[in-house]
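Read through the structure below, which is laid out as C-alpha coordinates, and then see the notes.
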Amino acid sequence: MTPPARRDGTPEKKNKRLQRRPQKDRQRAADIYVSKAKPARHQHVDRNRNVERTEGEGVRLQKVLAQAGVASRRMAEKLIDAGRVEVNGKVVTVQGMRIDPNTAIVRVDGARVRINEDMVYFVLNKPRGVQCTMHDDMGRPCVGDIVGEKLDAGQRLFHVGRLDAATEGLLLLTNDGELANRLMHPKYEVAKTYLATVVGEADRALVRKLREGIELEDGLAKADYAQVVDTWQGKSIVRVELHEGRKHIVRRMLKEAGYPVERLVRTKIHTVQLGEQTPGAIRALNNAELTSLYKAVGM
(Lines give C-alpha, C1' and ligand atoms only; values in the text may rest on other atoms or scores of the structure.)
Protein backbone atom coordinates (compact mmCIF):
# COMPACT_ATOMS: atom_id res chain seq x y z
CA MET A 1 0.00 0.00 0.00
CA THR A 2 1.38 3.41 -0.99
CA PRO A 3 2.03 5.67 2.01
CA PRO A 4 -0.16 8.79 2.14
CA ALA A 5 1.43 11.88 0.59
CA ARG A 6 2.23 15.15 2.36
CA ARG A 7 1.05 18.48 1.00
CA ASP A 8 4.35 18.86 -0.86
CA GLY A 9 3.79 15.49 -2.54
CA THR A 10 6.45 13.53 -0.64
CA PRO A 11 5.48 10.27 1.11
CA GLU A 12 4.64 10.44 4.80
CA LYS A 13 7.46 8.92 6.88
CA LYS A 14 6.62 6.71 9.81
CA ASN A 15 7.81 7.86 13.24
CA LYS A 16 10.14 5.11 14.41
CA ARG A 17 9.62 6.10 18.04
CA LEU A 18 5.93 5.27 17.71
CA GLN A 19 6.59 1.88 16.20
CA ARG A 20 6.16 -0.85 18.83
CA ARG A 21 8.89 -3.44 18.95
CA PRO A 22 7.88 -7.07 18.51
CA GLN A 23 6.76 -8.84 21.69
CA LYS A 24 9.92 -10.98 21.61
CA ASP A 25 12.18 -7.90 21.67
CA ARG A 26 10.21 -6.30 24.50
CA GLN A 27 10.41 -9.55 26.45
CA ARG A 28 14.21 -9.62 25.97
CA ALA A 29 14.52 -6.05 27.27
CA ALA A 30 12.66 -6.96 30.44
CA ASP A 31 14.79 -10.08 30.91
CA ILE A 32 18.07 -8.17 30.96
CA TYR A 33 16.87 -5.19 33.02
CA VAL A 34 18.49 -5.08 36.47
CA SER A 35 16.07 -4.01 39.16
CA LYS A 36 16.99 -0.96 41.28
CA ALA A 37 14.66 -2.03 44.07
CA LYS A 38 15.56 -0.99 47.62
CA PRO A 39 15.29 -3.75 50.23
CA ALA A 40 12.25 -3.60 52.50
CA ARG A 41 12.34 -3.89 56.27
CA HIS A 42 10.48 -7.23 56.17
CA GLN A 43 11.28 -9.88 53.59
CA HIS A 44 8.66 -12.39 54.76
CA VAL A 45 5.22 -12.59 53.20
CA ASP A 46 1.90 -13.18 54.87
CA ARG A 47 0.06 -14.83 52.02
CA ASN A 48 -3.32 -14.37 53.69
CA ARG A 49 -3.22 -10.59 53.40
CA ASN A 50 -5.44 -9.31 50.60
CA VAL A 51 -4.47 -5.85 49.44
CA GLU A 52 -5.69 -5.88 45.86
CA ARG A 53 -8.11 -3.00 45.44
CA THR A 54 -11.28 -2.69 43.45
CA GLU A 55 -11.31 -0.56 40.31
CA GLY A 56 -10.78 3.10 41.17
CA GLU A 57 -9.12 2.40 44.53
CA GLY A 58 -5.43 2.18 45.41
CA VAL A 59 -2.50 2.94 43.12
CA ARG A 60 -1.52 1.16 39.93
CA LEU A 61 1.27 -1.34 40.51
CA GLN A 62 3.55 0.08 37.82
CA LYS A 63 3.26 3.54 39.42
CA VAL A 64 4.18 2.13 42.83
CA LEU A 65 7.24 0.45 41.33
CA ALA A 66 8.27 3.66 39.62
CA GLN A 67 7.87 5.71 42.80
CA ALA A 68 9.96 3.14 44.69
CA GLY A 69 12.81 3.67 42.22
CA VAL A 70 12.63 0.20 40.71
CA ALA A 71 12.20 1.37 37.13
CA SER A 72 10.26 3.75 34.91
CA ARG A 73 6.56 3.02 34.51
CA ARG A 74 7.12 1.61 31.04
CA MET A 75 9.90 -0.70 32.21
CA ALA A 76 7.80 -1.65 35.25
CA GLU A 77 5.08 -2.80 32.84
CA LYS A 78 7.66 -4.94 31.04
CA LEU A 79 8.79 -6.45 34.36
CA ILE A 80 5.16 -7.33 35.08
CA ASP A 81 4.75 -8.86 31.60
CA ALA A 82 7.88 -10.93 32.22
CA GLY A 83 6.49 -12.36 35.46
CA ARG A 84 9.18 -10.77 37.63
CA VAL A 85 6.80 -8.96 40.00
CA GLU A 86 4.88 -10.51 42.91
CA VAL A 87 2.14 -9.05 45.10
CA ASN A 88 1.29 -10.94 48.28
CA GLY A 89 3.32 -13.92 47.12
CA LYS A 90 1.53 -14.25 43.78
CA VAL A 91 3.11 -13.45 40.43
CA VAL A 92 1.34 -10.63 38.61
CA THR A 93 1.26 -10.67 34.81
CA VAL A 94 -1.85 -8.56 34.13
CA GLN A 95 -1.46 -4.80 33.77
CA GLY A 96 -3.63 -2.35 35.71
CA MET A 97 -3.63 -4.02 39.12
CA ARG A 98 -4.18 -1.52 41.96
CA ILE A 99 -2.69 -1.91 45.43
CA ASP A 100 -2.41 -0.07 48.71
CA PRO A 101 1.28 0.96 48.98
CA ASN A 102 1.03 1.15 52.78
CA THR A 103 0.08 -2.51 53.21
CA ALA A 104 0.97 -4.33 49.98
CA ILE A 105 3.87 -6.77 49.93
CA VAL A 106 5.62 -6.31 46.58
CA ARG A 107 8.63 -8.24 45.34
CA VAL A 108 10.77 -7.84 42.23
CA ASP A 109 12.97 -10.81 41.33
CA GLY A 110 12.23 -12.30 44.75
CA ALA A 111 13.41 -9.27 46.78
CA ARG A 112 10.83 -7.21 48.57
CA VAL A 113 10.63 -3.60 47.42
CA ARG A 114 11.06 -0.91 50.04
CA ILE A 115 8.00 1.28 49.57
CA ASN A 116 7.84 3.02 52.95
CA GLU A 117 10.33 5.89 52.70
CA ASP A 118 9.51 7.17 56.19
CA MET A 119 12.04 4.81 57.76
CA VAL A 120 15.55 6.27 58.04
CA TYR A 121 18.87 4.74 59.04
CA PHE A 122 22.09 6.59 59.92
CA VAL A 123 25.61 5.85 61.15
CA LEU A 124 27.12 8.39 63.55
CA ASN A 125 30.74 8.51 64.67
CA LYS A 126 30.05 9.52 68.27
CA PRO A 127 32.87 11.71 69.63
CA ARG A 128 34.43 11.11 73.01
CA GLY A 129 32.73 13.01 75.84
CA VAL A 130 29.29 13.04 74.17
CA GLN A 131 26.41 11.54 76.14
CA CYS A 132 24.50 8.77 74.37
CA THR A 133 21.08 10.40 74.64
CA MET A 134 18.92 12.70 72.54
CA HIS A 135 18.57 15.21 75.38
CA ASP A 136 20.65 15.71 78.52
CA ASP A 137 18.97 17.33 81.53
CA MET A 138 22.34 18.46 82.85
CA GLY A 139 23.19 20.35 79.68
CA ARG A 140 26.12 18.12 78.73
CA PRO A 141 26.95 17.53 75.03
CA CYS A 142 24.78 14.71 73.69
CA VAL A 143 23.94 12.85 70.50
CA GLY A 144 20.81 14.98 70.11
CA ASP A 145 23.00 18.06 69.69
CA ILE A 146 24.81 16.46 66.75
CA VAL A 147 21.70 15.25 64.92
CA GLY A 148 19.62 18.29 65.84
CA GLU A 149 19.03 19.23 62.22
CA LYS A 150 17.56 15.80 61.55
CA LEU A 151 15.29 16.12 64.57
CA ASP A 152 14.24 19.64 63.59
CA ALA A 153 13.22 18.27 60.20
CA GLY A 154 10.66 16.07 61.94
CA GLN A 155 12.60 12.79 61.96
CA ARG A 156 12.20 11.18 65.39
CA LEU A 157 15.45 9.28 65.74
CA PHE A 158 16.72 7.08 68.55
CA HIS A 159 20.05 5.31 69.03
CA VAL A 160 20.48 1.55 68.79
CA GLY A 161 22.16 0.53 72.03
CA ARG A 162 24.48 2.81 73.97
CA LEU A 163 28.08 3.94 74.16
CA ASP A 164 29.27 5.47 77.43
CA ALA A 165 30.49 9.06 77.27
CA ALA A 166 34.17 8.04 77.26
CA THR A 167 33.66 5.55 74.41
CA GLU A 168 33.59 6.80 70.84
CA GLY A 169 32.75 5.34 67.48
CA LEU A 170 29.94 3.74 65.54
CA LEU A 171 26.38 4.40 66.71
CA LEU A 172 23.31 3.46 64.68
CA LEU A 173 20.39 5.92 64.61
CA THR A 174 16.96 5.08 63.22
CA ASN A 175 13.20 5.41 63.67
CA ASP A 176 12.75 1.70 62.86
CA GLY A 177 11.83 0.32 66.27
CA GLU A 178 11.58 -3.31 65.24
CA LEU A 179 15.06 -3.41 63.70
CA ALA A 180 16.54 -1.55 66.68
CA ASN A 181 15.01 -3.96 69.19
CA ARG A 182 16.28 -7.01 67.33
CA LEU A 183 19.79 -5.61 66.95
CA MET A 184 19.93 -5.10 70.72
CA HIS A 185 18.36 -8.44 71.64
CA PRO A 186 20.94 -11.05 72.78
CA LYS A 187 19.01 -13.74 70.88
CA TYR A 188 20.42 -12.57 67.54
CA GLU A 189 24.05 -12.31 68.73
CA VAL A 190 24.90 -9.35 66.50
CA ALA A 191 28.69 -8.90 66.59
CA LYS A 192 30.33 -5.60 67.53
CA THR A 193 34.01 -4.78 67.05
CA TYR A 194 36.11 -2.44 69.20
CA LEU A 195 39.64 -1.06 69.09
CA ALA A 196 41.01 -0.54 72.61
CA THR A 197 44.17 1.35 73.52
CA VAL A 198 45.36 -0.26 76.76
CA VAL A 199 48.14 0.24 79.28
CA GLY A 200 50.70 -2.56 78.98
CA GLU A 201 52.32 -4.48 76.14
CA ALA A 202 49.79 -7.16 75.33
CA ASP A 203 50.75 -10.58 73.99
CA ARG A 204 49.15 -13.84 72.87
CA ALA A 205 48.35 -14.70 76.46
CA LEU A 206 45.83 -11.84 76.55
CA VAL A 207 44.26 -13.02 73.29
CA ARG A 208 43.92 -16.54 74.65
CA LYS A 209 42.41 -15.27 77.89
CA LEU A 210 39.84 -13.13 76.08
CA ARG A 211 38.83 -16.03 73.85
CA GLU A 212 38.59 -18.55 76.69
CA GLY A 213 36.59 -16.18 78.85
CA ILE A 214 37.12 -13.84 81.79
CA GLU A 215 35.11 -14.20 84.98
CA LEU A 216 33.39 -10.94 85.93
CA GLU A 217 31.10 -10.11 88.84
CA ASP A 218 28.06 -10.77 86.64
CA GLY A 219 29.35 -13.93 84.98
CA LEU A 220 31.77 -15.23 82.38
CA ALA A 221 32.49 -12.96 79.39
CA LYS A 222 34.07 -14.27 76.17
CA ALA A 223 35.32 -12.53 73.05
CA ASP A 224 34.37 -14.03 69.69
CA TYR A 225 37.65 -12.73 68.29
CA ALA A 226 40.69 -10.92 69.71
CA GLN A 227 43.91 -9.61 68.19
CA VAL A 228 46.86 -7.53 69.35
CA VAL A 229 47.15 -4.95 66.57
CA ASP A 230 50.21 -3.06 67.81
CA THR A 231 52.39 -2.44 70.86
CA TRP A 232 54.63 0.55 71.59
CA GLN A 233 56.14 2.34 74.59
CA GLY A 234 54.26 0.34 77.19
CA LYS A 235 50.87 0.51 75.44
CA SER A 236 48.94 -1.70 73.04
CA ILE A 237 46.06 -1.56 70.60
CA VAL A 238 43.77 -4.58 70.93
CA ARG A 239 40.89 -5.50 68.61
CA VAL A 240 37.99 -7.23 70.36
CA GLU A 241 34.87 -8.62 68.68
CA LEU A 242 31.94 -9.90 70.75
CA HIS A 243 28.18 -10.13 70.64
CA GLU A 244 27.52 -9.39 74.30
CA GLY A 245 25.79 -6.19 75.32
CA ARG A 246 26.52 -5.97 79.04
CA LYS A 247 27.44 -2.55 80.38
CA HIS A 248 31.13 -1.59 79.92
CA ILE A 249 31.82 -5.19 78.93
CA VAL A 250 35.02 -4.54 76.93
CA ARG A 251 36.51 -2.18 79.51
CA ARG A 252 35.76 -4.61 82.33
CA MET A 253 37.23 -7.61 80.51
CA LEU A 254 40.47 -5.86 79.69
CA LYS A 255 40.82 -4.37 83.15
CA GLU A 256 40.28 -7.77 84.77
CA ALA A 257 42.94 -9.20 82.45
CA GLY A 258 45.40 -6.56 83.67
CA TYR A 259 45.21 -4.09 80.77
CA PRO A 260 43.25 -0.93 81.74
CA VAL A 261 41.66 0.86 78.80
CA GLU A 262 42.78 4.38 77.93
CA ARG A 263 40.73 4.77 74.77
CA LEU A 264 37.89 2.70 73.29
CA VAL A 265 36.39 3.02 69.80
CA ARG A 266 33.58 0.90 68.35
CA THR A 267 34.47 0.39 64.69
CA LYS A 268 31.89 -2.10 63.42
CA ILE A 269 28.41 -3.53 64.00
CA HIS A 270 27.89 -6.74 62.01
CA THR A 271 28.95 -5.65 58.49
CA VAL A 272 28.43 -1.89 59.01
CA GLN A 273 31.84 -0.25 59.43
CA LEU A 274 32.90 3.19 60.64
CA GLY A 275 35.51 3.47 57.91
CA GLU A 276 36.96 6.94 57.40
CA GLN A 277 34.12 8.81 59.15
CA THR A 278 35.47 11.61 61.31
CA PRO A 279 34.15 12.18 64.86
CA GLY A 280 30.74 13.85 64.70
CA ALA A 281 30.14 12.87 61.07
CA ILE A 282 26.84 11.22 60.15
CA ARG A 283 25.89 9.28 57.02
CA ALA A 284 22.98 7.19 55.76
CA LEU A 285 23.26 3.42 55.58
CA ASN A 286 23.47 2.10 52.05
CA ASN A 287 21.16 -0.62 50.77
CA ALA A 288 23.74 -3.40 51.14
CA GLU A 289 24.36 -2.51 54.80
CA LEU A 290 20.65 -2.34 55.58
CA THR A 291 19.96 -5.64 53.86
CA SER A 292 22.78 -7.26 55.83
CA LEU A 293 21.37 -6.01 59.15
CA TYR A 294 17.89 -7.27 58.30
CA LYS A 295 19.27 -10.66 57.38
CA ALA A 296 21.29 -10.83 60.62
CA VAL A 297 18.14 -10.42 62.73
CA GLY A 298 15.79 -12.50 60.56
CA MET A 299 13.71 -9.67 59.12
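The values are calculated or read from the model by the stated rules, or taken from the named source; none is laboratory data. Owing to the predicted nature of the structure, the values given are computational and were not obtained by experimental measurement. All Cβ positions, even for glycine, are placed from backbone atoms using ideal geometry, and neighbour counts span all protein chains on display. Keep in mind that these areas ignore ligands, DNA and RNA; they rest on the heavy atoms of the full protein, side chains included. Shrake-Rupley method; radii C 1.70, N 1.55, O 1.52, S 1.80 Å.
Worth pointing out:
- Only Lys, Arg, Asp and Glu carry charge here, each on its Cβ (+1 for the first two, -1 for the last two); on that basis the range 228-299 has a dipole of about 240 debye about its Cα centre.
- Centre separation in Å (Cα based) which lies between the range 158-173 and the range 206-282: 15 Å
- From the C-alpha gyration tensor of the range 53-212, square roots of 5λ in Å: 45, 22, 12
- When the GluC sites (Glu not before Pro) in the range 212-299 are filtered for DSSP coil states and for at most 14 other beta-carbon atoms within 10 Å of their beta-carbon, the remaining sites are Glu217, Glu276.
- Over the range 76-143, accessible surface divided per residue gives 44 Å², non-protein components excluded, 1.4 Å probe.
- Remark: the Gln155-Asn175 segment gains 6.4 nm on full extension, using 0.36 nm per residue and subtracting the alpha carbon distance.
- The solvent-accessible area of Lys90, taken with every protein chain present and a 1.4 Å probe, is close to 140 Å².
- Put Ile146, Ile99 in order of accessible area, highest first, and with a 1.4 Å probe you get Ile146, Ile99.
- Rolling a 1.4 angstrom probe over the range 169-299 with all protein chains present gives an accessible area of which 48% lies on carbon and sulfur atoms.
- Here the simple spin-label model places points 7 Å from the Cα toward Cβ, and for Asp145 and Glu189 these points are separated by 4.0 nm.
- Note on Arg73: accessible area approximately 130 square angstrom, rounded to 10, probe 1.4 Å, nucleic acids and ligands left out.
- Positive-end extreme of charge dipole, the range 188-299 - chosen from Ala296, Ala226, Ile214 (charges on Cβ): Ala296
- Solvent exposure of the range 206-299 as accessible area per residue, Å², 1.4 Å probe: 54 Å²
- Dimensions (Å) - the range 184-226, Cα atoms, principal axes, largest first: 35, 22, 15
- Note on surface exposure: Val199, Val123 rank Val199, Val123 by accessible area, highest first, 1.4 Å probe.
- Seen from every direction in turn and averaged, the convex hull around the alpha carbons of the range 252-291 projects onto 4.1 nm².
- Here the gap between Lys90 and Arg211, fully extended at 0.36 nm per residue and compared with their Cα-Cα distance, gives a gain of 38.8 nm.
- Solvent exposure, largest accessible area first (probe 1.4 Å, DNA, RNA and ligands not counted), of Met119, Met253: Met119, Met253
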